[in-house]
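FYI, it's all coordinate maths here, none of it is from the lab. Keep in mind that what you see is a predicted model, and the values were worked out from it rather than measured. With ideal geometry, Cβ positions are generated from the backbone for all residues, glycine too; neighbour counts draw on all protein chains shown.
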Amino acid sequence: MWQLMSGRVHQVITAISLVNVTSPEETLEAYSTSEVEFDAISTDEMEYYWQSGEPRDKAGAYAIQGYAACWVKHLSGSYSGVMGLPLCETRMLLKRAMVWHR
């Protein structure tokens with residue numbers, strides 16, 4: 001996976017859904033699409049990162065908030081969405097559901 005991302009741009013799409021537990025048909029949904037550009041990553045760097053244990057439980061095989069940030073050349077979109085929960089979209093859904101009042 002890292003060989004495919006090295007020196008390239010990839011998309012991270014993160015979806016969220018709010019479900020009204022008393023009325024499950026009332027569902028609000030949103031998604032965030034971000035583009036992340038990685039610098040070239042050597043085989044030795046890939047091995048080091050794997051041995052660190054950080055990427056092993058990550059859906060995209062990296063944690064942008066961790067060591068992998070040193071390879072991110074450019075991010076377009078939602079940083080929090082790449083981390084796992086797009087906060088802006090979550091806030092908008094909570095406002096639509098009249099749960100967020102600020």
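Out of all the residues in the stretch 55-71, which are more than 30 Å from residue 18 (Cβ to Cβ) and either in contact with a Phe, Trp or Tyr (Cβ under 7 Å, 6 or more places away or on another chain) or hydroxyl-bearing (Ser, Thr, Tyr) (or both)?
67, 71
Quick one: how many residues across the stretch 72-86 are more than 15 Å from residue 17 (Cβ to Cβ) and surrounded by 13 or more Cβ atoms within 10 Å (Cβ to Cβ)?
The number of residues fulfilling the criteria is 8.
Filter the stretch 1-41 for residues that are of a type in the set (Phe, Trp, Tyr) and more than 20 Å from residue 89 (Cβ to Cβ) and give the result.
2, 38
Among the candidates 15, 68, single out the residue that is under 22 Å from residue 100 (Cβ atoms), among the small types (Gly, Ala, Ser) and surrounded by 12 or more Cβ atoms within 10 Å (Cβ to Cβ).
Being under 22 Å from residue 100 (Cβ atoms), among the small types (Gly, Ala, Ser) and surrounded by 12 or more Cβ atoms within 10 Å (Cβ to Cβ) holds for just one of 15, 68, which is 15.
So residue 33 fits all but one of (1) surrounded by 16 or more Cβ atoms within 10 Å (Cβ to Cβ); (2) within 19 Å of residue 4 (Cβ to Cβ); (3) polar (S, T, N, Q); what number is the exception?
(1)
Sort through 32, 42, 52 and tell me the only one that's free of Cβ contacts under 8 Å to residues at least 24 places away in the same chain, of a type in the set (Ser, Thr, Tyr) and touching a helix residue (DSSP H, G or I) at 6+ places or on another chain (Cβ under 7 Å).
Criteria check complete, one pass: 52.
Go over the candidates 7, 60 one by one and state the one that is loosely packed, with under 15 Cβ neighbours inside 10 Å, part of a loop (DSSP other than H, G, I, E, B) and in contact (Cβ under 8 Å) with a residue 12 or more places away in the chain.
Criteria check complete, one pass: 7.
How about the stretch 72-102: which of its residues are among the hydrophobic types (A, V, I, L, M, F, W, C), under 16 Å from residue 35 (Cα atoms) and free of Cβ contacts under 8 Å to residues at least 60 places away in the same chain?
Across the stretch 72-102, the qualifying residues are 72, 75, 83.
Residue by residue through the stretch 63-102, note down the ones that are closer than 21 Å to residue 28 by Cβ, outside any helix (DSSP H, G or I), of a type outside the set (Ser, Thr, Tyr) and touching a strand residue (DSSP E or B) at 6+ places or on another chain (Cβ under 9 Å).
77, 84, 85, 86, 97, 99
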